[in-house]
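Asker: Before I ask anything, here is the structure I am working with.
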Amino acid sequence: MAKAAKKAAASSDPVVLAIDVGGSHVKILTSAGGEMRRVASGPSLTPEQVVASVKKLAEGLDYDVISMGYPGPVRDNKPSLDPFNLGKGWNGYDFTAAFGKPVKLVNDALMQAIGSYDGDRMLFLGLGTGLGAAMIIKNVGQPMELAHLPYKKGATFEDYVGERGLVKHGKKKWRKYVFDVVGRLRAALQPDYVVIGGGNVDKLDELPEKSRRGDNTRAFEGGFRLWHDKALII
């Protein structure tokens, strides 16, 4: 009886189209399954181009609602600043109106964090072009703008552990800076565990204490959970 009830509840969940907007690609996947679809993005990408590209990518897919991970701060379900690595016109853009379907827009690090969450206090750090960050405490998610906090010699965390730091300092020093930054943030924020994701996590052969490796595909699971997990608060 319990299994039947659980199956019935799952079948009543809306089908979610999850969109992951990145500096190199825009990727989509639905909660109904199938294969991920993607299209190239780039430094001139505008929100209008994203909407047009996603509508074309999603042809033939049935979905009820949309989750979207955005590489920047979000307020009132809209971007509150233009992203550093994309084009202009994002601030205040209404994706719900543009898509004509209900949209939940969150910071991209938070969406991957939600997909990686296993309970208690979790700090998520995304090592990519920059440094993405989010915390989830007892099912309450909070995006965090830690990348541009001061770190060394007038530079920021992102300058040392983002892509620029990797290129400038080389892999060996970059790994040391990652360990140092993770240690500082863990001491300040007191998570039970740290999930380290992003495209450059694969360049770490070892992980800092109380950390585990993330997976960029968990961003899609986070997008699904935004609509399916009733305990989640964002």
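Asker: Per residue, how much accessible surface does the chain expose to a 1.4 Å probe? Answer in Å², no decimals.
Answerer: 51 Å²
Asker: Given H placed on each backbone N at 1.01 Å, which residues far from Thr156 in sequence or on other chains put an amide H within less than 5 Å of it?
Answerer: Distant-sequence amide H within range of Thr156: Tyr151.
Asker: Could you order the peptides 77-83, 180-186 from most to least packed, using the average number of other C-beta atoms within 10 Å per residue?
Answerer: Ranking the peptides 77-83, 180-186 by packing returns 180-186, 77-83.
Asker: Nearest 5 percent is fine: what portion of the DSSP beta bridges confined to the chain is antiparallel? The partial results should precede the final answer.
Answerer: Numbers: 24 of 43 bridges.
Roughly 55 percent of the DSSP beta bridges within the chain come out antiparallel.
Asker: Non-local amide H neighbours of Gly214 (under 5 Å, H modeled in plane, Pro and chain starts lacking H): which ones?
Answerer: Those qualifying (amide H under 5 Å, at least 5 residues apart or on another chain) are Ile196, Gly197.
Asker: Give a residue-ordered list of calculated ³J(HN,Hα) values for segment 209-216 (Karplus: 6.51 cos²θ - 1.76 cosθ + 1.60, θ = phi - 60°; whole Hz; x for Gly, Pro).
Answerer: Running phi through 6.51 cos²θ - 1.76 cosθ + 1.60 with θ = phi - 60° gives 4, 6, 10, 9, 7, x, 8, 4 Hz.
Asker: Another question, then. Gain in length, Ser44 to Lys172, computed as 0.36 nm per residue apart minus the alpha-carbon separation, to one decimal in nm? Can you show the working numbers first?
Answerer: Details: separation 128, 0.36 × 128 = 46.08 nm, distance 3.24 nm.
The Ser44-Lys172 span can extend by a further 42.8 nm.
Asker: What's the lysine pair count for segment 68-152 at a Cα cut-off below 21 Å, pairs eight or more apart or interchain?
Answerer: 5
Asker: Work out the FRET efficiency for Ala187 and Lys56 from their Cβ-Cβ distance, taking R0 = 41 Å, and round it to the nearest 0.05.
Answerer: It comes out at approximately 0.30.
Asker: Nearest 5 is fine: what % of DSSP beta bridges in segment 103-234 come out antiparallel, could you say?
Answerer: That works out to approximately 55 percent antiparallel.
Asker: Further, regarding this structure: Evaluate E = 1/(1 + (r/R0)^6) for Ser12 and Asn91, where r is the Cβ-Cβ distance and R0 equals 35 Å; express this FRET efficiency to the nearest 0.05.
Answerer: 0.45
Asker: Using a probe of 1.4 angstrom, how much of the accessible area of the chain is carbon and sulfur, in percent?
Answerer: 52 percent
Asker: Before rounding to the nearest 500, sum -39500 (n - 2.57) across all DSSP H runs of length at least 4 in the chain and divide by the residue total; then give [θ] at 222 nm in deg cm²/dmol.
Answerer: Calculated at 222 nm, the ellipticity per residue is -10000 deg cm²/dmol.
The values are calculated or read from the model by the stated rules, or taken from the named source; none is laboratory data. As the structure is a prediction and not an experimental result, all values here were calculated from the model. Please note: Cβ atoms are built from the backbone with ideal geometry, for glycine as well, and neighbour counts cover all protein chains shown. Heavy atoms of the whole protein, side chains included, go into the accessibility calculation; ligands, DNA and RNA do not. Shrake-Rupley method; radii C 1.70, N 1.55, O 1.52, S 1.80 Å.
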